[in-house]
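A.B. asks: Pasting in a structure now, in structure tokens, and then I'll have a few things to ask.
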Amino acid sequence: MKLVYFAWIRERLNRSGDEVDPPAEVVTVSDLLDWLADGDESFALLLEDRKAIRAARDEELVDHDAPIAGAGTIALFPPMTGG
Amino acid sequence: MKLVYFAWIRERLNRSGDEVDPPAEVVTVSDLLDWLADGDESFALLLEDRKAIRAARDEELVDHDAPIAGAGTIALFPPMTGG
Amino acid sequence: MPRVRLQAEPFDPGAETNAFLKGREETGAFVSFVGTVRSTPDKPVTSLTLEHYPGMAEAQITRFAEEALERFKLTDIAAIHRFGTMKPGEVIVMVMALSPHRLAAFDGANFVMDWLKTDAPFWKKEAGPQGENWVEAKATDDTARDRWKS
Amino acid sequence: MPRVRLQAEPFDPGAETNAFLKGREETGAFVSFVGTVRSTPDKPVTSLTLEHYPGMAEAQITRFAEEALERFKLTDIAAIHRFGTMKPGEVIVMVMALSPHRLAAFDGANFVMDWLKTDAPFWKKEAGPQGENWVEAKATDDTARDRWKS
């Protein structure tokens, strides 16, 4: 599964994405965030304020309780500020 | 006192205005319409549907119960359709 | 001060847009409305003639523009209205509002258009295959205006 | 079909207005919104950089434009959004809506802007005398969007 990061999430992680293979018990976006924080100190700091994190699954906005099974790409980013 | 007419009021009267000197008992726009209808057949026909007549006193929209004393110009016209 | 222009000559809405936007680094939101002469297969129009009350027409639009400026705290507002005879597709009216805030810019342009439709002394006469007729005022335009009365 | 364009290059809102209005004899009401980079004495900005999620950004704006088209029975709608770095006064975004009815045209442009602000994957970074910072999302933008949920 591909992860992509934008804005200050990308900047703080100092990379624009990762290739990951989470175990079967990682079911939702929320589980994925827990799993990423467990494995990476910088993620742990970044994800302290979960409300500040938005997610898209294959380019569709999803809530944190959305399933990730079968997703090609999960994008993580702060609230959007276009227009 | 000057009267000016617009749109189909001007067309049906076949003139763009009149100079009139209504008597003292003609107090309001409504009185003025009555007085005009009394003195002129074409006005009488035109003013049958009073709701279709709008008035401006010296370039300010006014209701039919507005006084006309001291007015320089009274304009009579149908509902406006600008824009 | 709102800029209000009445003219018989056609004008270019793109050029007006760019002129209005020039040198506006301090505000971020621009809304424009453009109204054009309409002709459809159902209701073909060959030309539209706008009669107006000179002086009062400009005064009324200026009043609505000033009210919008104050009510919505706009940075600027402008309105251009044609009179005389025009063809389908030609621009009749253009209103432009500028504000630091997007909703205020939308409301400002909307407000001026709603008032202008019902309370500015213009009258439209359409010419088409069936002859000429004066356009009737629409009750929906009064309703649109009345939502700003409060 | 809505026309949605994402680009790094500047564009001319006047030219876009005229191109969009060309050959529209059958509809009478056009509304455009233009958003520009803002810099004020209180909060000076030397440049603004827009990061976006390629593909998804275009897909989201297209979705909002299609929803507006259907919901407000628009004749047409178009949106242009820049990404990359731009200077104060430059245009970031433009939305244009066309309809036979004035209120529908206003609502269409307004609707697309409200959704675009909160739900299209763009992020603004400002640069000024104090350095760089990511622009924070505003709760008022969520409120503006939520009035269309019904």
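The values are calculated or read from the model by the stated rules, or taken from the named source; none is laboratory data. Treat the numbers as computed from the prediction; the structure is a model and nothing was measured. Ideal geometry is used to build each Cβ from the backbone, glycine not excepted, and the neighbour counts take in all protein chains shown.
A.B. asks: For segment C:103-118, does any single residue satisfy the condition of being farther than 21 Å from D:Val34 by Cβ, at the interface with another protein chain (Cβ under 9 Å from one of its Cβ atoms) and over 17 Å from the mean Cα position of the chain (by Cα)?
C.D. replies: Within segment C:103-118, not a single residue is farther than 21 Å from D:Val34 by Cβ, at the interface with another protein chain (Cβ under 9 Å from one of its Cβ atoms) and over 17 Å from the mean Cα position of the chain (by Cα).
A.B. asks: Here's something else I'd like to know. Among (1) within 24 Å of C:Asp12 (Cβ to Cβ); (2) among the aliphatic types (A, V, I, L, M); (3) part of a helix (DSSP H, G or I); (4) without any contact (Cβ under 8 Å) to a residue 60 or more places away in the chain, which single condition is C:Ala57 missing?
C.D. replies: (4)
A.B. asks: Shifting gears a bit: From the set of residues in segment B:4-34 that are of a type in the set (Phe, Trp, Tyr) and out of contact with any helix residue (DSSP H, G or I) (no Cβ under 6 Å at 6 or more places or on another chain), which is farthest from C:Gly84 (Cα to Cα)?
C.D. replies: B:Trp8
Residue-wise test of (1) closer than 20 Å to C:Arg102 by Cα; (2) under 15 Å from the mean Cα position of the chain (by Cα); (3) surrounded by fewer than 23 Cβ atoms within 10 Å (Cβ to Cβ); (4) polar (S, T, N, Q).
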{"residue": "C:Gln7", "(1), (2), (3), (4)": "no, yes, yes, yes"}
{"residue": "C:Pro10", "(1), (2), (3), (4)": "no, yes, yes, no"}
{"residue": "C:Ala19", "(1), (2), (3), (4)": "yes, no, yes, no"}
{"residue": "C:Gly23", "(1), (2), (3), (4)": "yes, no, yes, no"}
{"residue": "C:Glu58", "(1), (2), (3), (4)": "no, yes, yes, no"}
{"residue": "C:Ala65", "(1), (2), (3), (4)": "yes, yes, no, no"}
{"residue": "C:Arg71", "(1), (2), (3), (4)": "yes, no, yes, no"}
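A.B. asks: Between a first residue in segment A:55-83 that is closer than 21 Å to D:Ala79 by Cβ and at the interface with another protein chain (Cβ under 7 Å from one of its Cβ atoms) and a second residue that is of a type in the set (A, V, I, L, M) and part of a loop (DSSP other than H, G, I, E, B), which pairs have beta carbons less than 8 Å apart while being 6 or more apart in sequence or on different chains?
C.D. replies: A:Phe77/A:Ile53; A:Pro79/D:Ala137; A:Met80/D:Ala120; A:Met80/D:Ala137; A:Thr81/D:Val135; A:Thr81/D:Ala137; A:Gly82/D:Ala120; A:Gly83/D:Ala120
A.B. asks: Here is a list of conditions, (1) assigned to a helix (DSSP H, G or I); (2) free of Cβ contacts under 8 Å to residues at least 12 places away in the same chain, and C:Thr118 meets all of them except one; can you say which number that is?
C.D. replies: Status for C:Thr118: all satisfied but (2).
A.B. asks: Moving to a separate point now. Could you tell me which residue of segment D:123-138 is nearest to the other protein chains (Cβ to nearest Cβ), considering only residues that are over 23 Å from A:Tyr5 (Cα atoms) and loosely packed, with under 14 Cβ neighbours inside 10 Å?
C.D. replies: Across segment D:123-138, the extreme among qualifying residues is D:Pro129.
A.B. asks: Let me ask something else about it. Quick check, is C:Thr17 touching a residue at least 60 places away in the same chain (Cβ under 8 Å), part of a helix (DSSP H, G or I) and more than 9 Å from every other protein chain (Cβ to nearest Cβ)?
C.D. replies: no
A.B. asks: Hey, among B:Arg50, B:Arg54, which residue is buried (at least 17 other Cβ atoms within 10 Å of the Cβ) and closer than 22 Å to C:Ala139 by Cβ?
C.D. replies: B:Arg54
A.B. asks: Here is a list: C:Val34, C:Val45. Which entry is assigned to a strand (DSSP E or B) and modelled with pLDDT of 95 or more?
C.D. replies: C:Val34
A.B. asks: A further question follows. Looking only at residues in segment C:23-67 that are of a type in the set (Lys, Arg) and more than 11 Å from chain B (Cβ to nearest Cβ), which one is nearest to C:Val4 (Cα to Cα)?
C.D. replies: Checked segment C:23-67; the qualifying residue nearest to C:Val4 (Cα to Cα) is C:Arg24.
A.B. asks: Going by what's in this entry, would C:Asp142 be described as away from chain B (no Cβ under 14 Å), part of a helix (DSSP H, G or I), under 17 Å from the mean Cα position of the chain (by Cα) and not hydrophobic (A, V, I, L, M, F, W, C)?
C.D. replies: no
A.B. asks: Give the residues of segment A:7-21 that are surrounded by 17 or more Cβ atoms within 10 Å (Cβ to Cβ) and more than 10 Å from the chain's Cα centre (by Cα), sorted by residue number.
C.D. replies: Those that are surrounded by 17 or more Cβ atoms within 10 Å (Cβ to Cβ) and more than 10 Å from the chain's Cα centre (by Cα): A:Ala7, A:Trp8, A:Arg10, A:Leu13.
A.B. asks: Return the residues of segment B:28-52 that are modelled with pLDDT of 95 or more and closer than 23 Å to C:Met56 by Cα; say none if nothing qualifies.
C.D. replies: B:Thr28, B:Val29, B:Ser30, B:Leu32, B:Leu33
A.B. asks: Any chance you could count how many residues in segment D:64-94 are among the small types (Gly, Ala, Ser) and either modelled with pLDDT under 95 or not in a helix (DSSP H, G or I) (or both)?
C.D. replies: 4
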